[in-house]
Amino acid sequence: MSRAPRTQRLAEWLIRAACRRLPADVRAERCREWAAELPAILDDESVRPPLRRTLRAFSFCAGVSRTAGQLGRSARASARRSRNSQWRTGAMPNQSGNVAARAILGFGIWLVVVLGFIALARSLTQPPRWLLMAGLALAVAFDAFCLADIARAAQVRYLPKWAWALICLIQTPGGGIAYLSIGHVGRPRPVPPGDATP
Amino acid sequence: MKLTGPLERVLRVLTADPSAQHYGYDLMKAAKLPSGTLYPMLARLQQDGLVESEWEVQREEAGGRPPRKYYRLTAEGLRVARLELAQASSSSPARQAGYGTARPAPGRTARPAPGSTR
């Protein structure tokens, strides 16, 4: 039993707060480990006066908090690495359809859009102003839609998010169409009950 | 493994008596390291398989305190640590002398001061 129950309770609370920054699987064990060190610090007779023991307990808590932050960051980084290697190969749990077929479909849509645009531009040598404005608004809206989709997606395929965003902006209809046909990850299909997930 | 000053001190404590059980505060005092340096280092060593940990078996004479977590070197860890420490002492004798002259802390159990061979 510690001689400074109030200090110990406060320090235990600090340790619990620090442990929230840890990944969930090690949180409880670390919390128990670090809390168990507190009586040893607070009852350490070789450190005098008792105020120094209290200070030492709090500096222990500060170091534990730094440790928790560090361990949490490295766990998040390794999780991100494994997720990233997943999208590089295009191996998604919810991959739907053949990538080549989707790419051909996207290219077809892009061809239709471009040919339609060329035909329209040829037939109207002097296009009315409202048509130009409408075309511009359509292009901006499409870009905005693609960027919003990229920003909200939990993950995208083959390229990092920033690369897809750049492609969408550089080639206005083509980039967006390419993203939607290849890079876009659809909503996961509901898994039928009893079906073993890989 | 890059042998930094703090790591060297922890390894000296752990290799002094490889069978001894060290809990966190014990190691902090013996190696004179703050918890913010010691615990990340132990986590890294444990991940590399050089250090293992186990929970203290609760006994009657512990007086109701919570069980501690004990750390010690694995067989592989002991081999690597001895190798690294031997390399460190052969490459920088000046720094080694500096460690030997450090005043031992009161209540310390572990580290044998190099040079004081009696």
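The values are calculated or read from the model by the stated rules, or taken from the named source; none is laboratory data. Note that the coordinates shown come from a computational prediction; the quantities given were computed from them, not determined experimentally. Positions of Cβ are generated from backbone atoms using ideal geometry, with glycine treated the same way; all protein chains shown enter the neighbour counts. What goes into the accessible areas is simple: the full protein's heavy atoms, side chains included, and nothing from ligands, DNA or RNA. Shrake-Rupley method; radii C 1.70, N 1.55, O 1.52, S 1.80 Å.
Descriptive notes on the structure:
- Accessible surface buried upon A-B contact (total; probe 1.4 Å; Å², nearest 100): 1700 Å²
- Seen from all directions on average, the stretch A:123-174 presents a Cα convex hull projection of 4.4 nm².
- Cross-link partners of B:Lys29 among lysines (Cα-Cα below 30 Å; sequence separation of 8 or more within a chain): B:Lys2, B:Lys69
- Going by accessible surface with a 1.4 Å probe and the largest first, B:Lys2, B:Lys32, B:Lys69 read B:Lys2, B:Lys32, B:Lys69.
- Mean Cβ neighbour count within 10 Å, used as a protection proxy, ranking A:146-153, A:66-73, A:33-40, A:44-51 highest first: A:33-40, A:66-73, A:146-153, A:44-51
- Legend: calculated FRET efficiency, A:Ala137 to A:Ala79, from the Cβ-Cβ distance at R0 = 35 Å, rounded to 0.05, equals 0.30.
- Based on every Cα atom in the stretch A:6-159, Rg and the maximum pairwise Cα distance Dmax equal 29.9, 95 Å.
- Label-point separation in nm, A:Leu111 to A:Asn98, each point 7 Å along Cα→Cβ: 1.6 nm
- Partner aspartates and glutamates for A:Lys161 [C-alpha distance under 15 Å; skip if fewer than 8 residues away on the same chain]: A:Asp143, A:Asp149
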